[in-house]
1. Which residues, counting only those in the range 58-70, are within 17 Å of residue 187 (Cβ to Cβ) and more than 16 Å from the chain's Cα centre (by Cα)?
2. Residue 112: without any contact (Cβ under 8 Å) to a residue 60 or more places away in the chain, more than 16 Å from residue 37 (Cβ to Cβ), in contact with a strand residue (DSSP E or B) (Cβ under 6 Å, 6 or more places away or on another chain) and not in a loop (DSSP other than H, G, I, E, B), yes or no?
3. On the given criteria, is residue 119 touching a residue at least 12 places away in the same chain (Cβ under 8 Å), more than 19 Å from the chain's Cα centre (by Cα), farther than 24 Å from residue 170 by Cα and surrounded by 15 or more Cβ atoms within 10 Å (Cβ to Cβ)?
4. Condition (residue is modelled with pLDDT under 90, under 15 Å from the mean Cα position of the chain (by Cα), exposed (fewer than 14 other Cβ atoms within 10 Å of the Cβ) and farther than 24 Å from residue 200 by Cα) applied to the range 13-23: is it met by at least one residue?
5. Restricting the range 184-204 to residues that are modelled with pLDDT of 95 or more and more than 22 Å from residue 53 (Cβ to Cβ), which is surrounded by the most Cβ atoms within 10 Å (Cβ to Cβ)?
């Protein structure tokens, strides 16, 4: 974990040059629903006429989520939370994506989790971008996708963010900070639809899966 944190810090210090890469984000649901990393949302959204089923299995929390792209820049969803230490709840979420003119490698996401405040209403803004890595790191990570923003509620009115290190077309290293904890693991993209991931989140092992369908 320390080595991975050091790798991400080193790349953040070398951010000035943005990559013109053809590798696309491996979109999947986060634990509370919105497209994202493990618990931190990203600026990515599902495109119109696509929806995604996602599951998360942890020691104290398991979830089932459904997201839908209702326009190319708007995503809505609902997530059922099975909690060991509290009552089960269903929460709704929504996200809007903005892409600044002339800056196609930068995306901005603004969203809300738990709209009806079933557990804790949470707002966030997140910026996502792709970055080249220094030459001496190219043998380990071919590209990074970086995310940074701010979140209320579940994210404790704090800075949130993370990074995805692309190892090859199928595998990524994922690291995130959720306002309190540093979480890390691996994501496997089987094809254009199926995503599998696992790792450590909030000091607990977890496994999750997502599948995208078009309607």
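The values are calculated or read from the model by the stated rules, or taken from the named source; none is laboratory data. Quick caveat, the model's predicted, so the values are computed rather than measured. Methodologically, a virtual Cβ is constructed for each residue, glycine included, from the backbone with ideal geometry; neighbour enumeration extends over all protein chains shown.
1. Across the range 58-70, the qualifying residue is only 58.
2. yes
3. Against the criterion (touching a residue at least 12 places away in the same chain (Cβ under 8 Å), more than 19 Å from the chain's Cα centre (by Cα), farther than 24 Å from residue 170 by Cα and surrounded by 15 or more Cβ atoms within 10 Å (Cβ to Cβ)), residue 119 qualifies.
4. Within the range 13-23, none of the residues are modelled with pLDDT under 90, under 15 Å from the mean Cα position of the chain (by Cα), exposed (fewer than 14 other Cβ atoms within 10 Å of the Cβ) and farther than 24 Å from residue 200 by Cα.
5. It comes out as 184.
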